[in-house]
Amino acid sequence: MSQELRINNNKFIDQTIRLSFKFNGEKLYGYKGDTLASALLANNIHLVGRSFKYHRPRGIMTCGSEEPNAIVQIGKDPSLTDPNVRATEIELYEGLEAFSQNCWPNVKFDIGGINNLLSPLLPAGFYYKTFMWPASFWEKYEFFIRHSAGLGKSPSKPDPDIYDHKYYHCDVLVVGGGISGIIAAKLSAENNNETLLLDDKNTLGGTTIYQKNDCFQINGTYTNYWLEKEINNIKNIKNLTIKTRTSLAAYHGYNYLLAKENLTDHLNPDERKDKIRQRLWKIRAKKVIIATGSIERPLIFNNNDRPGIMLSSAIKKFIDFYGVKTGKEISLFTNNDSAYETAISLKKSGVNIVSIIDIRDISSSKIVKEVEKLNIKIYWKHTVVNTEGYRRISFIEIMQLSDDGSGVIGKKIKLKSDCLGISGGWTPMVHLFTQSGGKLKFRSDDNVFLPDKSKTPSDQISIGSCNGDFDIKDIILNSNKEVKTFLGIKNSSFDNLKVESSNEEKKKNIWLLPSDKPIGKTKPFLDFQNDSTAKDVKLALREGFKSIEHVKRYTTTGMGTDQGKLSNMHALGIIAETTGTNMGELGTTTFRPPYTPLTFGAIVGRNVGEFFDHTRKTAMHNWHVQNKAKFENVGQWKRAWYYPKNGESMFEAVQRESKAARESVGILDASTLGKIDIQGTDASEFLNRVYTNAWSKLAIGKCRYGLMLNEDGMVYDDGVTTRLGENRYIMTTTTGGAANVLSKLEDYLQTEWPELDVYLTTVTDHFSTISICGPNSKKILNKVIPYLDLSNENFPHMSFKNSKINGIKCRVMRISFTGEHSYEINIQSNYSKNVWEMCMNAGKDYNITPYGTETMHLLRAEKGFIITGQDTDGTMTPSDLQMDWIIGKKKFDFIGKRSLYRSDTIRDDRKQLVGLLTDDPKEILEEGAQIVEKLNQKPVEMLGHVTSSYFSPNLNKSIALAVMKSGKKLKGKKFFVPMENKNINVTVTDTVFFDKENKRLNA
Amino acid sequence: MKNKYSIFSLIKNALSGHENWQRAWRDPEPKNEYDAIIVGGGGHGLATAYYLAKKHKMTNIAVVEKGWIGGGNTGRNTTIIRSNYLWDASAGLYDHALKIWEGLSQELNYNVMFSQRGVMNLAHNLQDVRDLKRRTHANRLNGIDAVWLNTDEVKKFCPIINTSQDIRYPVLGGTLQKRAGTARHDAVAWGYARGADQLGVDIIQNCEVKGIKRDGDQVIGIETSKGFIKSKKIGVVAAGHSSVLANMAGLKLPLESKPLQALVSEPVKPIIDTVVMSNAVHAYVSQSDKGELVIGAGTDSYVSYTQKGSHNIVEETLRAILELYPIFSRMKMLRQWGGIVDICPDASPIISKTQVKGLYFNCGWGTGGFKATPGSGDLFAHTIANDEPHKLNAAFNINRFVSGDLVDEHGAAAVAH
Amino acid sequence: MFIIICPYCGERDQTEFSSGGEAHIVRPKQPTELSDDEWAEFLFMRKNIKGIQFERWNHSHGCRKWFNVVRDTSNDKIHAVYKMGEKPPINK
């Protein structure tokens, strides 16, 4: 391993722990504390990936989450591989395997590089202007475009990792653990606020923690020493929780914030087992302090994208923090003082600095003077006009700027450099502030957008460099002052600090630096990942795209995985400059969450697999499982669908179950039906208003079927309601509709009819319902409850009795959804499995047959009973269902009544429920199939569709229910059901197919 | 057409360093009066203007837009295009649009990247199966290409879907419309804008409508941030802000405006090359040409004009995505955003005259308006030019809410997309 | 996700509640007396206000009580909460 690029630095890097890793298959070494980026640089590797469009070689540009170029695929395991990981963020671990993306066959020689030669043909938006001929060919072009686009590869197998959520409430949340965040957290926690401090890095302290420079001192010591002490102090404050490796993703309204904590990505693979990979913190903070800092801007000049060209601040961090030299002959190119800090750090570490190119005329600030003392050559009023080197920068060419900065003059100077640091000033990270609804203002001195205090949502402040303070003195003094005011603190330990800094005195900015070549012949990149250049922005403007959002979308500037953290300000600047507009008036594009990409797994947490949704099971569920039931999902419920025996098909099982229920006795778990207990002196009146039929005269102990409408007159739900007492009813609803019915009833009760004395309680889960039906049902019930008089006189159809089974109270209703003599036993759920088994035992001699929902559907269809949601679809009135009898015409009002008399709901050509028989009794219609009268029309007029269809074993023919236009008038008429491969002849019939006289109810 | 786009014009301009491209559309100041004004510079509004000029020869017209064209729901949707709707009226409307989509790039000389990669709708319970089969039968008889796929066929068409029958809501089958697909949303707005501009339509951006003036029953113009503009025909296509504009004219509409969210992942190499929609578990996903997974979330239940929805909606959507595509768990959300959708009680749009003469509304597209853009523009233009609806949009009149003849596209899942 | 102060339970996350839309649309006492137009006005027509809206919410995952909220739909800021039947604390 080449160690000539490493300097001794034991503070942040543990050089005693050597880690091996692989990059594009090559085995390399780094140290504990490295990121992949710092380890690669230490191995003298800059070329990491290829750009999106032109496939130009690209290297590591930054040292943080703003990295546009150095994004890699981590790992090979198809279930664990991670695409698009920033090499600047991932911490090195033993065995890490990384691959370059978007290149073939490899990053050094990439076929796609041919795009670079074609680049004159690929300006912004070229694809809108071409690929249109021949007309049908777009999808063929698109195939190639899609395959050359995309970056990394998605995993191809399910993710075995665990993700977690944590809800957190605190008084004060401090986002960012740089110097201002540390000040804020300390002040907040010391003053009795439950405080949470988050930082996305693995260490606190931001850039100050490695700032050891004579020019910057606090109380006479280096800023890094001072801060280190403060950080050690706050670790012991009891009100303060500190989370590192935790990045704030989104700041929503009402101080609701999401942060992602990385828990295992930095560990060696063998240490990760059974650990949670990431945790999403859902934070509600009373107050939020944003201290997210700022990121350095690049400079926009010809060929500013070669590997080896990096942000000057990144070079500084690599040398000061990671102890890695990013080159042997480094030049720095700047428009401000920050690059001079880098120069000092490099010089102190023994790196040869070729020169500093500064576009300013001159500067005599303290730090510039320091640099001059170090005998570093500074080219004032110069700019870089070109760079050379394909896979790594090798030379830079510089020229003097004209006085107005729009052109270059004099002789070109060529300088050898294997690394170029660029610094275009700083951009405050105002993402979170604007996500929360804050508005920005523009400061033209240094071209930054800052939080507008007058338009800041309450309960938050921004401090430090994200608030536009870039000088250490301003940062400390203002952070202290702002936090004190914000939290109402009188005295602070930071009140009397003596801070020394180098005051930057000159600023100069040129968004697009001139070259000696015409702009058309240059490549000044703005968005390094998406390959959009300043030329593209100018083209967009020329073509009339004026709004920043239009320019962004047309050129794709700022739409890469870094979301324009490096490019957006320059795009804006160039638009402003080109159109002669004030940048502040242009505004920014919207900062959308998340701040950095957020794993789907973390967002979802543990709610995957069996926790995807609640599963509701009846108390008899295990019995159904043991008896080999197949289940269907109805809402959240698992309902027994049918019970295949000895390898029966579903059809065979249902035929058997249906026959058994009609011939002897069947048993059904009906527990999932919604049950609402209705009590109060106005209970009857309430039912009058919610059901279409009349309820006042229903005797105690009697049951009645009811139909409920929406206010727009369409059938909504149905079920049997039983009068338990003078002022008490129990209502049943459909399984899927139970929750909605209850909430609708509550709505009317509380808001429209508060004068009614009625109380609603859901008891769906409290009672289980066992339905026994068939000619022998009476015998079974008689065995289970011997002392209950089951005579028709004492216990007629549509009535109910209170009773007991083994001393346990139960309610028995004699109601029927199958047309058979049948009973429903309602009993407290925890006893119901026993009662079910008692029934099974009692029925042994009668071939008692458990049946599921499919048989239930078949049996009720034989009787022409509807299922809401199957035979209705939200567009059927009671009259459409041929149920005019259930509309209480004398009733003054009920929900939906008025809607039944609108001009289009009284039409008699509406779709109406009918029965259908196929001419071939063996032919079973498909549910959903359409019905037509004439076959040779185009388009053919559809009269309706099949809603329910079964083969009836009891009639030995197929039967169906359907809805058809003017269906009431069609009885006896013949129609067709056109299928893909045949037409089925059908005849319209009555809706009741079986036992039209209802004799079996009392059989 | 001046300034025609083609590979040849691209080569020619490359030689001059792309310095000679013309503006795609002008940036005119508003005139005092127009024969018609379209309020709203989204895809629907620009298409309306284009067809008014092209088919009805009304060229003294303007589109006024509060912000920048295509910046509302046109630029915020998940670009799904299909026509496999249940009811005849809807199928007629959306298939009319789909037919225009099929030749739109050539019509506009602007590549809108309509990609017929197919749209699959999944069924997760027995009622889903019934509903989707019903729809497929209706589609077939209406001449719309839609087929039913069983679970194995679903898996074959999109192998990354988890079709295991052991998951919470297993895939029981689905429908496929092969002519359906996606298009590039921005290009639709820009293509129509360029086309309309070349026919003489004034496209006026940054022009907010502050009032709609009536003289009795007749509309006479609009008050804007750029002054009063006279016109006796005003077509409003303002999506989420339709009610706000209706209120200016003293009207109420049967609409509620709610936040709808969407998100994209980081770009990856091609992994899914169709559009898959699942109403029951609420997951819609496709992959853009850039490689991003494009995922549509649901609406919040409350009225809001903030263009921001609740996080829990995004969470629920991704939960469903991971249920169906567990391989996406390590993918990362790059960007999320919201739009404001105007929803009708029957989940069908309104393309209609109003009780005010000369005032027309095109609204209520809810969560699914993008797919209808060309058809909506064509039919709205017809309605404005003739003061009568076309037979394809007659059912989508505003009076249906009075008479009760709704076009209810909710289906059993109560979600229409 | 905003926070709603349920007048019965106190401060809760919005996800515990469900929205009931515009408030103070009184169900007509005698629907049969209304024309189709008037009935449609009650049934479907909504102000759909951008700005201060008086609306109904239900604490559906809590006490199940319905109550009224005054919310600015342009920024989701809640200005007041009051029980059903109470007079709005802010003038409509």
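The values are calculated or read from the model by the stated rules, or taken from the named source; none is laboratory data. Not measured: the values here are computed from a predicted model. Counting neighbours? That spans all protein chains shown, and the Cβs are built from the backbone with ideal geometry, glycine included. For the accessible areas, the whole protein counts, side chains as well, though only heavy atoms, and no ligand, DNA or RNA atoms are used. Shrake-Rupley method; radii C 1.70, N 1.55, O 1.52, S 1.80 Å.
See the values below:
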{"read-out": "Dipole magnitude of region A:14-126 about its Cα centre (Cβ charges: Lys, Arg +1; Asp, Glu -1), debye to nearest 20", "value": "440"}
{"read-out": "Top positive-direction residue, dipole computed over the protein assembly as shown with Cβ charges, set A:236, A:206, A:133", "value": "A:133"}
{"read-out": "Average accessible area per residue (Å²) across region A:14-126 - probe 1.4 Å, nucleic acids and ligands excluded", "value": "33"}
{"read-out": "Within the protein assembly as shown, percent of DSSP bridges classed antiparallel, to nearest 5", "value": "75"}
{"read-out": "Helix runs (DSSP H) in chain B reaching 15 Å along axis by Cα, Kyte-Doolittle at least -1.0", "value": "B:43-56, B:88-101, B:185-198, B:311-324, B:373-386"}
{"read-out": "Candidates B:79, B:299, B:151: whichever shows maximal mean-square fluctuation once chain B is modelled as a Gaussian network with Cα springs under 10 Å", "value": "B:151"}
{"read-out": "Accessible-area order (highest first, 1.4 angstrom probe) of the listed residues A:316, A:783, A:889, A:381", "value": "A:889, A:783, A:381, A:316"}
{"read-out": "Separation of the residue A:14 and residue A:271 label points, Cα + 7 Å toward Cβ, nm", "value": "0.7"}
{"read-out": "For region A:905-1002, accessible area per residue (1.4 Å probe, heavy atoms of protein chains only), Å²", "value": "47"}
{"read-out": "Interface size A-C, as summed buried accessible area [1.4 Å probe, Å², nearest 100]", "value": "2200"}
{"read-out": "Separation of alpha-carbon centers, region B:315-351 and region A:107-148, rounded to whole Å", "value": "30"}
{"read-out": "Whole-number percent relative contact order across chain B, with pairs defined as alpha carbons under 8 Å at least 6 apart", "value": "22"}
{"read-out": "Eligible aspartates and glutamates near residue A:982 by straight Cα distance, threshold 20 Å, same-chain separation 8 or greater", "value": "A:919, A:920, A:923, A:926, A:927, A:933, A:941, B:145"}
{"read-out": "Contour minus Cα-Cα distance for residue A:998 and residue A:459 (0.36 nm per residue)", "value": "187.0 nm"}
{"read-out": "Area of residue B:387 that stays accessible when all protein chains are in place (1.4 Å probe, Å², to 10)", "value": "60"}
{"read-out": "FRET E, pair residue B:206, residue C:5, Förster distance 41 Å, beta-carbon r, rounded to 0.05", "value": "0.55"}
{"read-out": "Accessible-area value, residue C:25, 1.4 Å probe, nucleic acids and ligands omitted, Å²", "value": "50"}
{"read-out": "Estimated FRET transfer efficiency when R0 is 41 angstrom, pair residue A:452-residue B:218 (beta carbons, to 0.05)", "value": "0.40"}
{"read-out": "Cα lying deepest toward the dipole's positive end in the protein assembly as shown, options A:429, A:269, B:53, charges on Cβ", "value": "A:269"}
{"read-out": "Heavy-atom accessible area per residue - region A:561-707, 1.4 Å, Å²", "value": "38"}
{"read-out": "Top of B:132, B:251, B:324 by mean-square fluctuation, Gaussian network on chain B, Cα under 10 Å", "value": "B:251"}
{"read-out": "Peptides ranked, highest mean first, by Cβ atoms within 10 Å: ranges A:69-78, A:527-536, A:48-57", "value": "A:527-536, A:48-57, A:69-78"}
{"read-out": "Over chain C, relative contact order from alpha-carbon pairs under 8 Å, at least 6 apart, %", "value": "27"}
{"read-out": "Residue-level accessible surface for residue A:272, protein heavy atoms, 1.4 Å, Å²", "value": "60"}
{"read-out": "Furthest towards positive pole of dipole, A:796, A:642, A:189, structure part chain A, Cβ charges", "value": "A:642"}
{"read-out": "Distance between modelled label sites at residue A:957 and residue A:752, nm, 7 Å Cα→Cβ extension", "value": "4.4"}
{"read-out": "Which of A:238, A:744 is most accessible, then next, and so on - probe 1.4 Å", "value": "A:238, A:744"}
{"read-out": "Mean separation of Cα contacts under 8 Å, 6 or more apart, over the residue count of region A:25-142: relative contact order %", "value": "25"}
{"read-out": "Percent accessible area from carbon and sulfur atoms, the protein assembly as shown, protein chains only, probe 1.4 Å", "value": "50"}
{"read-out": "Size of the A/B contact, given as accessible area buried on both chains, probe 1.4 Å, in Å²", "value": "9400"}
{"read-out": "21 Å Cα-Cα reach of residue A:779 towards lysines, excluding residues that sit fewer than 8 places from it in its own chain", "value": "A:659, A:801, A:804, A:809, A:833, A:844, A:999"}
{"read-out": "Residue of B:60, B:20, B:111 that the Gaussian network model of chain B assigns the largest fluctuation, springs spanning Cα pairs under 10 Å", "value": "B:20"}
{"read-out": "Candidate aspartates and glutamates for bridging to residue B:57, where Cα separation is under 18 Å - those fewer than 8 sequence places away on the same chain excluded", "value": "B:33, B:35, B:107, B:197, B:202, B:378, B:387, B:388"}
{"read-out": "Net charge dipole size for region A:674-763 [Lys, Arg +1 and Asp, Glu -1 on Cβ; Debye, nearest 20]", "value": "520"}
{"read-out": "Gain on full stretching of the segment that runs from residue A:904 to residue A:890 - 0.36 nm per residue minus C-alpha separation", "value": "2.8 nm"}
{"read-out": "Unsatisfied cross-links (Cα-Cα over 20 Å) in the set A:53/A:535; A:11/A:229; A:891/A:971; A:32/A:565; A:675/A:697; A:535/B:332", "value": "A:891/A:971; A:32/A:565; A:675/A:697; A:535/B:332"}
{"read-out": "Anisotropy class of region A:905-1002 from Cα gyration tensor, a/c 1.5 cut", "value": "oblate"}
{"read-out": "Förster radius 25 Å - calculated FRET efficiency between residue B:106 and residue B:31, Cβ distance, rounded to 0.05", "value": "0.20"}
{"read-out": "Net length gained if the chain between residue A:934 and residue A:404 were fully extended (0.36 nm per residue, minus Cα distance)", "value": "182.6 nm"}
{"read-out": "Buried on assembly, region C:2-36 (at least 50 Å² less accessible surface than by itself, 1.4 Å probe)", "value": "C:3, C:27, C:32, C:36"}
{"read-out": "Theoretical ellipticity at 222 nm over chain A - DSSP helices of four or more residues, -39500 (n - 2.57) apiece, nearest 500", "value": "-6000 deg cm²/dmol"}
{"read-out": "Neighbour net charge for residue A:881 - beta-carbon separation under 12 angstrom, K R +1, D E -1", "value": "-2"}
{"read-out": "Tensor-based shape of region A:674-763 (alpha-carbon gyration tensor, a/c under 1.5 rounded, otherwise prolate or oblate)", "value": "rounded"}
{"read-out": "Pairs beyond 23 Å (Cα-Cα), from A:911/B:133; A:212/A:325; A:347/A:412; A:140/A:538; B:155/B:178", "value": "A:347/A:412; A:140/A:538"}
{"read-out": "For a label point 7 Å along the Cα-to-beta-carbon line of residue A:516, residues of region A:405-421 with backbone N under 19 Å", "value": "A:405-417"}
{"read-out": "Occluded residues from region C:44-62, i.e. those whose accessible area drops by 30 Å² or more once the chain is not alone (1.4 Å probe)", "value": "C:44, C:45, C:46, C:47, C:48, C:50, C:56"}
{"read-out": "A:681, B:373, A:751, reordered so the largest accessible area comes first (probe 1.4 Å)", "value": "A:681, A:751, B:373"}
{"read-out": "The protein assembly as shown - charge dipole about Cα centre, Lys and Arg +1 at Cβ, Asp and Glu -1, debye rounded to 20", "value": "940"}
